[in-house]
Amino acid sequence: MADDSKKNVQVKHPHLPFIIGAVVFLVYALTLNHGVGLRGLPLMAQMTGWTWQPMSAHPLLKLVCAPLQLIPAPWLPVALNLVSALTAAMTLAVLARSVQLLPLNRLRIQRMFVRNSLGLFSRRDAWVPAVMAVVTGGLELGFWQEATSASGEMLDVLLLAVSVWCLLEYRQTRQYPWLDRASVVWGIGMAENWTMQLSLPLFLGALFWLRGLNEVRTRFIYRMAGLLLAAFSTVILLSLSGSLLPHVGGTSGPTFAESLAGLRQSFFSAQIGFWESHPLFTLLVLLYFLLAALPMSLHLKREGSYHVSLQARVQLLIFEYLYGFCLLAGLWLALGPNGGPTEMMARYYGSSSPLLSLCYINALGVGYYTAHFLLIFGADWESIRRHDQRFRPPPYMPERLRYILPPLLHVLPLVMLIALAVRNFNTIEQVNRTPLEQYGELAAKMLPTGGGILLSEDDQRLWVLQAALVKRPDHDRWILINADWLARPEYRTALEHHYPLAWPQTNPDALLTDRQVAALLYQLAATNRIYYFHPSFGHFVEGLRAEPHGLAFRLTQPEEPPNGRAISSADILQENKTFWDQTVATDLQLEEKFTATIPKRPFRLRARQLLSLPPSRSSQSRLLGIWYSVALDDWGAWLQTAGQSAAARQRFEQALALYPQNPAAIIHLSENTNLGGMDVSIPLEMIFPLDESAKSLPRPMNQNLFNQRLNDVMSIPRDGH
C-alpha cells in the first residue's frame with residue numbers, strides 16, 4: 001500500500017478555519033459582557049489610568065490595546081471585550097487549522113490507513129476532529145469567560161497557538177520562513193506567557209526534530225537563537241521604555257526602576273511563584289498537560305505496516321486503550337469536574353486562573369484522538385483489501401466498532417456543544433449581566449454631587465465604583481484612594497500628581513505608620529467630603545464619625561469624640577432603610593441563587609466525587625455575595641444599636657443567605673437571637689472558618705473576611721445596658 005506523493009497532499013476543507021472563526025466570533029459577540037468583569041478589572045484600571053502602577057509587566061498587551069485609549073471610558077469595557085472575543089476567535093481558527101495539520105502516522109496502525117506521505121487526515125469527514133477541538137476548547141468555562149470578558153490572558157494563548165501552527169505548517173511545506181515565524185512568535189510570547197517560558201526546551205526540541213537532527217548546522221542554531229532573542233529583547237525594550245508606551249490618563253510614563261520591576265514580574269511571574277510554592281500541584285498540572293500532549297507526540301519507529309509480532313500487538317493494544325482514555329479524559333476535563341485542575345486550584349489553593357494554555361493543549365489532543373479513531377474505524381477496509389491483498393484487519397479491534405464508533409464520533413461535536421452550553425451558559429450569562437457595575441451604581445447613587453474623596457482598602461471595589469462614576473458628569477471631581485497604600489511614599493507622590501489638592505504636608509520619602517495615615521485622613525476630613533466604600537474599623541477611621549449612606553460611609557470630624565455606634569438623625573436612618581428595602585427587593589434576588597458557599601477540600605473527596613461535576617459557579621458571583629453580605633451585616637448592626645432588633649435580625653439572615661460562612665453575621669445573629677430570649681449555641685468552627693476559607697475561596701475573597709466588623713458585637717446593647 002504505497003503512499004501518495006507529497007505534491008498530491010492537500011488539507012481537506014481548507015476554508016474550515018475561517019468559517020469556524022467567523023461563527024465563534026458571532027457566538028462570543030452574542031454572549032459578550034457589556035460591562036466590566038471581575039477578571040477584567042485590572043486591565044480596565046490600567047487602560048483608564050485608575051491605578052498608579054504602569055502596565056510594564058505586559059508590554060505587548062499594552063501595545064495591542066493602545067489604540068483603544070482613544071475610546072471614551074464608558075465605552076471602553078465593550079471595546080476591550082470585543083478585542084478579546086476577536087482574539088479568541090482567531091485562536092480557535094488557528095486551533096482548527098493545527099488539528100488539520102496534525103500527523104496521523106505516529107503508530108504502525110495509523111500508517112496502515114493513512115493515504116498520504118505526511119500523515120494528514122484527508123477523508124471527507126476530516127471536518128469532525130477540527131470542529132470537535134473547537135467545541136471542546138471554545139465552550140470550556142474558563143475560555144468562554146476570557147473570550148467575552150477581557151483580562152488580557154487570551155493574547156497569551158494566541159501566541160502559543162500561532163507558534164504551534166507555524167511548526168505544523170513547516171512540517172507540511174518544508175518552507176524555512178515558517179520556522180522563522182515560529183521562533184519570532186515564541187520569543188515574543190516568552191515575555192508575556194509564563195507557559196512559553198517554561199516550555200522553551202520543548203520548543204527548541206521540536207525545532208531540531210522538524211529540521212532533522214542530521215541536518216542541524218551551526219548556522220541554523222545561530223539563526224533560530226538570534227530570532228528568539230531579538231523578538232524577546234524587542235518586547236523587553238518596550239517594557240523598559242516609558243517614553244514609547246506612556247501611562248494612560250495624562251500621567252507621566254513609568255520610571256526605569258518601575259519598568260524593571262514590571263519586567264521581573266513578567267519574566268518571573270506570580271504564576272511561577274505559585275508553582276514553586278505548591279510543587280505537588282505543579283506536578284498534577286504537568287500531568288494534565290502530558291495527558292493531552294505526550295501520547296500524540298510519541299512516534300514508534302517503522303518496522304513494517306502490519307502487526308505480526310507479539311511486541312507490535314501489545315503496543316497496539318496499549319496505545320488504543322491509552323488514546324481512548326485520553327479522548328474521554330479530555331472531554332471530561334472540558335466539563336470542569338471536581339478533579340480537574342481549575343476546579344482543584346479554586347477549591348484547594350484559592351486561585352481562579354483559567355489555565356488557558358492547558359485548555360488549548362487539551363482541545364488539540366481531543367482533535368487528534370478523534371481523528372485517530374475516525375481514521376481507523378471509519379476506513380473502508382474492503383476497499384483497502386481490494387487494492388492490497390496483504391492487508392489484514394488490525395488485531396484487538398472488534399468488527400462491530402466499525403459500525404458504532406464513526407457515527408458516534410460524527411455526532412459527538414453536537415453532543416459536546418449541547419453539554420457545554422447547558423453547563424456553562426447560565427454562568428456566562430450570570431457573569432456577563434454586569435452585576436459588578438450594578439454594585440458600583442448602587443454605591444454611586446447614594447453619593448452627593450460635587451465630588452469628594454472615596455477611600456477603600458480593596459482595589460477591586462474602587463475600580464468597580466470608578467466604572468460607575470465615569471457615567472456621571474462630576475466623575476472627575478471624585479478622588480478614589482486605596483487607604484492601605486497611603487503609607488507608601490510613591491503612592492502619595494502619584495496622588496499629588498493626579499489630584500493637586502491641598503494635601504497636608506508629609507515627608508514624601510517616609511513610610512507612614514497607621515496612626516500617621518489616620519492623622520492624614522483626619523486633616524483631609526476638615527476640608528473635604530470623605531467617604532469609605534465599605535465597613536472598616538481601626539486606625540483608618542480613628543477619631544472620625546462614620547455615617548452610613550447605603551454601601552458607603554461618610555467620615556466626619558465629630559464635635560465630640562464618637563462613642564460607639566450612633567445614627568445622628570432619623571432622616572439618615574430612614575434613608576438607609578429605604579435603600580436596603582429597595583436593594584433587597586430588586587437587586588439581591590438573583591444574587592441569592594449564587595450563594596458563596598465554601599466547598600470542601602478536593603483531596604478529601606472520594607474517587608467517585610472527584611469525577612463528578614460540581615455546580616458551575618463563578619468566582620465573581622461568590623465575591624459579590626460576600627460584598628453584599630458584609631454590607632447587610634453591617635447595616636444590621638446599625639439597626640441593632642438603634643434598638644430595632646426585628647429589622648436587624650432580618651438583615652443578618654439575609655447576609656447569611658448570601659454568604660453562609662460570614663463570621664460576623666453568625667455572631668450578630670446569635671447575639672440578636674439570645675437577646676430575644678432564645679438561646680442558640682453555635683460551634684466555634686462555624687463562627688471562625690477563616691483557615692479553611694483562606695484555602696478554598698478565590699484570593700479576592702479572603703480580604704473581605706478580615707474587613708468584617710467583628711468588634712461590632714461589643715457595641716450591641718446587652719440586657720438593656
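Here, each number is a calculation from the coordinates, and none is a lab measurement. Not measured: the values here are computed from a predicted model. All Cβ positions, even for glycine, are placed from backbone atoms using ideal geometry, and neighbour counts span all protein chains on display.
Below is a table of values for the structure above.
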{"read-out": "Order of Val584, Val94, Val24 under a 10 Å beta carbon neighbour criterion, fewest first", "value": "Val584, Val94, Val24"}
{"read-out": "Unit Cα scatterers, Debye sum, the stretch 77-149: log10 I(q)/I(0) for q = 0.15, 0.20, 0.23 Å⁻¹", "value": "-0.60, -0.82, -0.96"}
{"read-out": "Sorted by Cβ neighbour density within 10 Å, fewest at the top, the residues Asp634, Asp587, Asp476", "value": "Asp476, Asp587, Asp634"}
{"read-out": "Packing-based ranking, highest mean first, of 463-470, 547-554 given that Cβ atoms within 10 Å are counted", "value": "463-470, 547-554"}
{"read-out": "Least to most buried among Met344, Met47, Met446 (fewest other Cβ within 10 Å first)", "value": "Met446, Met344, Met47"}
